[in-house]
Structures are given as C-alpha cells and as structure tokens.
1. Send over a whole-number figure in Å² for the accessible area per residue of the range 255-359, probe 1.4 Å.
2. Let me make sure I get this right: for the range 306-351, a, b and c are the square roots of the gyration tensor eigenvalues over alpha carbons, sorted descending. Under 1.5 in a/c it's rounded, otherwise prolate if a/b > b/c, else oblate. Which is it?
3. Would you mind pulling out the separation of the Cα centroids of the range 304-344 and the range 63-130, in Å?
4. What spacing in nm lies between the two simple spin-label points modelled at Phe104 and Arg6, each 7 Å away from Cα in the Cβ direction?
5. I want to check the label-to-label distance for Val314 and Asp231. Put each point 7 Å from Cα in the C-beta direction and report it in nm to one decimal.
6. For Ala343 and Ile27 in the same chain, what is the full-extension length gain: residue separation times 0.36 nm, less their Cα-Cα distance, in nm?
7. Among Gly226, Asn197, Asn182, whose Cα projects farthest towards the positive end of the dipole of the range 179-232, with charges put on the beta-carbon of Lys, Arg (+1) and Asp, Glu (-1)?
8. Could you please report the charge total around Leu203, scoring K, R as +1 and D, E as -1 over all other residues with beta-carbon less than 9 angstrom from its beta-carbon?
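The values are calculated or read from the model by the stated rules, or taken from the named source; none is laboratory data. Since the structure is predicted, the reported quantities are computational estimates derived from the model, not experimental observations. Because the Cβ atoms are built from the backbone with ideal geometry, glycine has one as well, and the counts that use them run over all protein chains shown. What goes into the accessible areas is simple: the full protein's heavy atoms, side chains included, and nothing from ligands, DNA or RNA. Shrake-Rupley method; radii C 1.70, N 1.55, O 1.52, S 1.80 Å.
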Amino acid sequence: MGSIDRYIFRTTLASFALVLVSLTGVIWITQALRGIDLMTSQGQTILTFLGITSLVVPALVLIISPIALMIAISHTLNKLATDSEIIVMNAAGFSPFRLFYPFFYATCVVALLVAFIAAYLAPDGMRRIKQWDAEITADVLTNILQPGRFAQLDKNLTIRIRERQPGGILAGIFIDDRRDPNERVSIVAEHGEVVKNENGSFLVLKDGNLQRFETGKRDPALVAFGRYGFDMSKFSNQGHDVTLGIRERYLWELVAPSEDDPVYKAVPGQFRSELHDRIMAPLYPFAFAALTFAFLGAPRTTRQSRNFSIGGSVIAVFGLRMAGFACSVMAVKSPSAALVQYAMLATAIGAGIWLIVGGIVVEPPARLMEAIDRSNARIARLFGRPAAA
C-alpha cells in the first residue's frame, strides 16, 4: 500500500469511526431513555442502567456501520474532489479503479467488523440483556419494593410499603390485587417480611386485614388476620429459566438449530430469515462502497456539480437497504425472498464495479438539467431577481 493509499485509507476509516460513534450515540440515547424505568420504578442504580442499555450498542453498530461507511466514503471523495486531488491523480495515471483500492481495503475492515458483530457480539449482547433483566426480575422483592412507592408487579397487582426496618422487616404494607376478574382483594398490614423456602417465595404479613370485593355482591368480605402469607413465587422465580429468542442465537446456532428447539419448531421461517440477514450483513458494506464510489469517484472539474451524484448515491444506497429490509420480512414466509436479496446485492456490487472499471461518469440527462435551469429561472423572475446566465 503506497503513501496515497495509506492517506486515503486512514482518512476513510477516521471519518467512518467519527460518523459511527456519532450516529450510534444519538440512537443509543433514544433507546436508553426507554429503559429509564430501571432506575425509577425498579430501583436500579445508574451503573446497572448504563450496563444494560450499553449492551444494545453492538446491534445498533451492525445496522449503522454500512451507512457510516457510505458517509465516510462520500466525505473522503468530496474532500479529494474539492482539493482537485482526484483530477491530479487521474492525470498522473491513477484510473478510477486504481483509486478504489484504498476504499476497498477500508471496506474489508468494516466488513470484518460487521461479520464479527453479526455472528457473535450482537447476539451475545442480547443474551446478556435478557439474562440481566431476568435477574432483576428475580430479585423483584428487593429491588421493586421501595419505601413510599407504588410498585406495579403485574398488570393488576400493586404493592406499596411505608418503610424498611432493620432485619428485613417491612412496615406499612398495602396490596391491591385485581388479577382475578371476579374479585378484588385489598390487604393492609402493619408488618411483613419476605420468606423463601423450597415451596417458593412468600410475603408473610402480620397484624392486618383483608377486604375481598366479589362481583355481584353488595358488601365486601372483611377478614382480620394475625399472620397471612401472600405468594410471590411468580415474580421471584422468573429469572431462573431464560428462553432465548432468535436474535439471541449465535450464527452457528442458526445454521444448525436443534430439531427439539421449541422456538425453532414454532417459527422456522424466522430462523431462516435471521440466518440470511446475518450472512448478508458483511456484504452490505461492499455494495454501499461500490455504489458510492461509482457515483462520486470519477474525476470532475470544480465547475461540474456533484449534487446530482451525491443525491443519486444516497437514493441508491438507501433504496437497496430498504429493499433488503422488505426481503427479510418476506423471507419469513417465502424462501425465495432471500434469493432476491442476494441477487440485489450481487447486482449492486457488479453494477458499481462495472461503472468504476469503465470510468463512467454518472451525470443527469441534459434535458433534466435544462428543465431544472428553466425552473430556476422562473423562480428567480418570480422573486424579481435576474436569472443567472
């Protein structure tokens, strides 16, 4: 790799890293705000919150990396064109295909990163999120029951405690249980404590009363008790068994899933779609790089507008990605949709390489430019300004 290649290679990767970090950070913030209830309603620390939300970053990088590469290549080519370096290199004997070499090397680095994330890092992060969330849920009696707060453990189950006393004693307990559609149970107790044994987890209430409002009855049933056990096993044991979804599977687990896997039996089409998505993920950087360079890599003078080429590359890249998303959805029910996606990527890469090797400059049709000039002239006259020659 010569000095020019190293210069372009470093510039492209530096721009890629900057764009990737910026876009990932913005999107991560929007995703992290959805999990703010870890601190508000579940009593978790800021470190736990940051730890769980940061595990989604590899999945974000997997989607953003090809787009960040496209932006980085566009920036580098625009910088080279603005400084007339592309024209100088072309005059010195650099063909467009030769100029594409350092961009291809940078694309290989990005593709390797995407392949590693798709095969291992992203599913591993999703596994850790599910496991961490299960552990938080398993410790619900400690983390959710915060003094002075109404904690909603289930859709129709609310618990509040006034304070925690030494020795694990809970004081001032209120329970509103509406899970049974035929009755509503309200419990008030002076004290209570959490007891765990081989039969499960129980909130043992002391010195209180229970009101049961049954459907169709006018008056509630009131019971005073000295000791009452409220079953909390449903909430304290959720973290013991974690069922992995499709996104939490490593690549090799998607290639050869177990025939006895209940998830695979239920949705084999989603396994197939996810597998093809993981395989095609490293191919998108090559397609994006080829299309972007095909539109912007040809030598142009400073008088030639690059706006059409920039717009064309953006439309081509995003059109290809949206079509890929659509094929992924259809591949759940139709295996041929995955073949269409492979064909689209191959066509995009082949068309881009053909334009690069041929040194073809992608420019708008002359009639289109004339129509745009006439439209600009009308707008200029409308605002009382002379049209540019």
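1. 49
2. Oblate shape, in that a/c is at least 1.5 and b/c is the bigger or equal ratio.
3. 18
4. Roughly 2.1 nm, to one decimal.
5. Calculated label separation equals 5.9 nm.
6. Extra length available between Ala343 and Ile27 comes to 110.7 nm.
7. Of the candidates, Asn182 comes out farthest on the positive side.
8. Cβ neighbours under 9 Å give a net charge of -2.
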